[in-house]
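These notes are about the structure you will find just below.
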Amino acid sequence: MGSQQAGIILGAKSYGSIHDNYINGGTGEALEFYGYGGTTSIYNNTIINAGYDGTSAGQDGIAVDDRPDPNNRYTGMRVYIINNTVVNPARNAVHLYNSYGTMATGNKIYNNFLVKPNNKSIYDNPYTNIDGNTNVDTLNNVKTPVIANAYFVNANANNFRLLANS
């Protein structure tokens, strides 16, 4: 329950791709990306029931935050979050922080299926919560507050494939 409790973490000075993972449960964020420079693509992941850490706030399904070089030799990071399924996270489905104001332009959150995030704050968007002056496009994300309305084959049995009529 301390630090380093995420399913997958990309730390400072990292960039690359996080794709085709299935993460079910856990007390931390399912995917965390803290970096600078380059473009990171987060795509085709299935994230279920992440972030139930025992606190009232909980954790996010996908969390991204900038971490500049202490000597200011960084290049702004860019992130593409595309084609992910995030179901029932304790807080936000996707959360972009721009704590240091160093995120590059052209960030994308596209074509994600975001189901029943549990953030209770009236100030946040629990589907795609974006902090600070973050330049990001959010297009074609499907959002539903009720798991049954997602038309999964059998969510109770962890079968998150979609029914033919979904």
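The values are calculated or read from the model by the stated rules, or taken from the named source; none is laboratory data. On a predicted model such as this, the values are computed, not experimentally measured, just so you know. Virtual Cβ from ideal backbone geometry, glycine too; neighbours counted across all protein chains shown. Keep in mind that these areas ignore ligands, DNA and RNA; they rest on the heavy atoms of the full protein, side chains included. Shrake-Rupley method; radii C 1.70, N 1.55, O 1.52, S 1.80 Å.
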message = Anything in region 34-59 that is of a type in the set (A, V, I, L, M, F, W, C) and modelled with pLDDT under 90? List them, or say none.
response = Ala57
key: Selected residue (only one of Ile81, Ile48, Ile23 is within 19 Å of Tyr127 (Cα to Cα) and touching a residue at least 60 places away in the same chain (Cβ under 8 Å))   = Ile48
request  = Tell me which residues, restricted to region 28-45, are part of a loop (DSSP other than H, G, I, E, B), farther than 30 Å from Asn154 by Cβ and open to solvent by 20 Å² or more (accessible area, probe 1.4 Å).
outcome  = Tyr36, Gly38
query = Could you list, in sequence order, the residues of region 133-166 that are open to solvent by 60 Å² or more (accessible area, probe 1.4 Å) and under 19 Å from the mean Cα position of the chain (by Cα)?
reply = Asn133, Asn135, Asp137, Thr138, Leu139, Asn140, Val142, Lys143, Pro145, Val146
task = Restrict the check to region 66-76 and report whether at least one residue is modelled with pLDDT of 90 or more and either of a type in the set (Val, Ile, Thr) or at positive phi (or both).
result = no
note = Among strands (runs of 3 or more DSSP E) entirely inside region 82-166, those with 3 or more residues being touching a Phe, Trp or Tyr at 6+ places or on another chain (Cβ under 7 Å) are 159-162
request  = Residue by residue through region 1-10, note down the ones that are assigned to a loop (DSSP other than H, G, I, E, B) and open to solvent by 30 Å² or more (accessible area, probe 1.4 Å).
outcome  = Met1, Gly2, Ser3, Gln4, Gln5, Gly7
task = Go through (1) under 12 Å from the mean Cα position of the chain (by Cα); (2) open to solvent by 70 Å² or more (accessible area, probe 1.4 Å); (3) hydrophobic (A, V, I, L, M, F, W, C) and name the single condition Ile122 misses.
result = (1)
ask   = So, in region 46-70, of the ones that are crowded, with 24+ Cβ neighbours inside 10 Å and closer than 13 Å to Val94 by Cα, which residue ends up nearest to the chain's Cα centre (by Cα)?
value = Ile62
query = Just for region 13-27: of the residues that are part of a strand (DSSP E or B) and open to solvent by less than 60 Å² (accessible area, probe 1.4 Å), which one is farthest from Asp53 (Cα to Cα)?
reply = Ile18
